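Read through the structure below, which is laid out as structure tokens, and then see the notes.
Only the coordinates and a few stated rules stand behind these numbers; no lab work does. The shown structure was predicted, so the numbers you read here are calculated from the model rather than taken from an experiment. Backbone-built Cβ (ideal geometry, glycine too); neighbour counts: all protein chains shown.
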Amino acid sequence: MSNMSPKDEFEFLNSPIWLDYTQQRYLAPDEIRYRIQQKNALGADWPELAKRVVLNRKTGAIPLFMACIDKKFWFFPSDSLTRKLDEIERLGLNLYKRIEQQASFREALFLDSAVEEAITSAIYEGAHSTRAQAQQLIASGSRPKNRDEWMLLNNFKAMLWIQQHRNEPVSEEVILHLHRMVTQNTLEGDDANFSGKFRNDKAFIGPHEGVHHSQIQAAINEAITLTTRNPRYIHPLVRGILFHYFIAFIHPFFDGNGRTARALFYFKAMRNSLEYIQLLSVSAYLKEHGSQYEKVFEKVVTNDCDITYFIDFCLDSIHSALMAVSKKVDYLLRLNELKEKAAVTPSQIGLLQRMALHKFRTVSIEEHAKQIGKSREIARQELKALFEIGLIEVTKSGKKLVYSMNKSKLEALIGTP
């Protein structure tokens, strides 16, 4: 391989094995070998061929060397990554612009997105709750009763904090603050003394041992530098993904590393003006593909610190989250059909859209009046009209009437979400 001529190297970069398994999709050497075996095309030169694939990848890679822990991370900006980034950016910008034009449910959707990520991140980390219970807890403003409820509420508060502090620079202080937020009243035993503090002993992620506790601060500072002041161009979304990976690899805390790493991904992406990220629940995809998420960390380690595999997985999760939000927005906009099907007014449509996002929240006459900027009597009449045609239901809360969505009636008129 070392004696290959420039002409041979150039031709290799146009060969099917390079174009199919590095550019069109990015496979590990053992995965490439399996596919070649399936085609009955594996020759005795496979070890040499595998070395050539890795060498060419490294030659064109963006290095991410961490001197303090002697780790030479890198990733290859393949065509497949570029294509996914272009598609995500196009979909994300279009989705954000589309939502910005919907004054009737725009703010409610941003809130719903924060709730969704809080719920799925907590459930992924082992919280025992249904989505209905979690939404009711957050909507009610009640004090959590147990660790699972604290985890849900902490995640939600962290998402709101990120939206409000997106312009702050990434720093050790921000990392510790977010860890303190997501772990409040959730750590047990001696770990309870380390909320918002780096660990002072060993920690493991499966077979992987986090960096030595004496190197945590240095490693985090290097990770910040690599993802904020790198001399190479790195797409803003990839910078957030890389920071997510580095925090998980360093594993700076005894507990709460996953929740903190995902919160920091959101923080870094939004700091880089990727506004559409706040609409997404990346943890929903991780919950569905949790075993792959865990395996991809190991894949980086077993393939010579190649973070491309982790980036590729995360881009798929972001694309999936974008499609889920797009589907939700399509459903909310379908509610406009009720103008003709049930003679519903625009302000009533807006109410139903907000109720569709927060299915377990009730609305009083006073709240509706405030939302539409009209008198209490007009709000009462609008709610009464929706009740009479069966689109909402009414119950008593103390001395006050409160209204909730009639899901079955709504779906009968415009279909399921």
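Toward the positive end of the charge dipole of the chain, about the Cα centre and with charges on Cβ (Lys, Arg +1; Asp, Glu -1), which of Gln381, Val170, Leu242 goes farthest?
Towards the positive end, the residue furthest out is Gln381.
If you put +1 on each Lys and Arg Cβ and -1 on each Asp and Glu Cβ, how big is the dipole of the stretch 336-414 around its Cα centre, in Debye rounded to 20?
300 debye
Considering the stretch 290-417, what Rg and Dmax in Å follow from its alpha-carbon atoms?
Gyration radius and largest Cα-Cα distance of the stretch 290-417: 21.6, 68 Å.
Any chance you could check the Cα centroid distance between the stretch 205-255 and the stretch 375-397 for me, in angstrom?
52 Å
Just Ser140, Ser195, Ser283 to compare: in a GNM of the chain, with alpha carbon springs under 10 Å, which one fluctuates most?
Ser140
Can you give the convex hull volume per residue for the Cα atoms of the chain, as a whole number of Å³?
Taking the convex hull of the Cα positions in the chain, it is 171 Å³ per residue.
Hey, in the GNM for the chain with a 10 angstrom Cα cutoff, which one of Gly141, Gly256, Gly189 fluctuates hardest?
Most flexible of the set in this elastic network: Gly189.
Net charge within 14 Å of Gln23 by Cβ-Cβ distance, Lys/Arg positive one each and Asp/Glu negative one each, not counting Gln23 itself?
Cβ neighbours under 14 Å give a net charge of +1.
Under unit Cβ charges (Lys, Arg +1; Asp, Glu -1), what dipole magnitude, rounded to 20 debye, does the stretch 141-204 have relative to its Cα centre?
Using Cβ point charges on Lys, Arg, Asp and Glu, the stretch 141-204 gives about 180 debye.
Below 8 Å, C-alpha to C-alpha, sequence gap of six or more: please give me the relative contact order for the stretch 144-216 in percent.
Details: 54 pairs, mean separation 19.4, N = 73.
In percent, rounded to a whole number, it is 27.
Quick check: the angle from helix 131-140's long axis to the longest principal axis of the chain, C-alpha only, nearest 10 degrees?
So the helix axis and the longest Cα principal axis differ by about 60 degrees.
In degrees, nearest 10, range 0 to 90: what is the angle between the Cα axis of helix 172-183 and the longest Cα principal axis of the chain?
50 degrees
Can you list, largest first and rounded to whole Å, the semi-axes you get for the stretch 352-417 by taking the square root of 5 times each eigenvalue of its Cα gyration tensor?
Working through the eigenvalues yields semi-axes of 20, 13, 11 Å.
Please tell me the relative contact order of the stretch 336-414 in percent, rounded to the nearest whole number, where contacts are Cα pairs under 8 Å and at least six residues apart.
30 percent
Give a residue-ordered list of calculated ³J(HN,Hα) values for the stretch 325-336 (Karplus: 6.51 cos²θ - 1.76 cosθ + 1.60, θ = phi - 60°; whole Hz; x for Gly, Pro).
Running phi through 6.51 cos²θ - 1.76 cosθ + 1.60 with θ = phi - 60° gives 5, 4, 5, 5, 5, 4, 5, 4, 6, 5, 4, 5 Hz.
Relative to the longest principal axis of the chain, what angle (0 to 90°, nearest 10) does the C-alpha long axis of helix 147-164 take?
80 degrees
In a Gaussian network model over the chain where Cα atoms closer than 10 Å are linked, find which of Ser121, Ser113, Ser15 has the largest mean-square fluctuation.
It is Ser15.
Sequence gap at least 6, Cα distance under 8 Å: using those rules, report the relative contact order of the chain to the nearest whole percent.
After rounding, I find 16 percent.
Would you kindly compute the Cα radius of gyration of the stretch 133-286 and its largest Cα-Cα separation (Dmax), both in Å?
Radius of gyration, then largest Cα-Cα span, for the stretch 133-286: 15.5, 48 Å.
What trypsin sites (Lys or Arg not before Pro) in the stretch 359-417 are in a loop by DSSP, with at most 11 other Cβ atoms within 10 Å of the Cβ? Before the final figure, lay out the partial values.
Numbers: sites: Lys359, Arg361, Lys370, Lys374, Arg376, Arg380, Lys384, Lys396, Lys399, Lys400, Lys407, Lys409; in loops: Lys359, Arg361, Lys374, Lys399.
Of the trypsin sites (Lys or Arg not before Pro), the ones in loops of the stretch 359-417 whose Cβ has at most 11 other Cβ atoms within 10 Å are Lys399.
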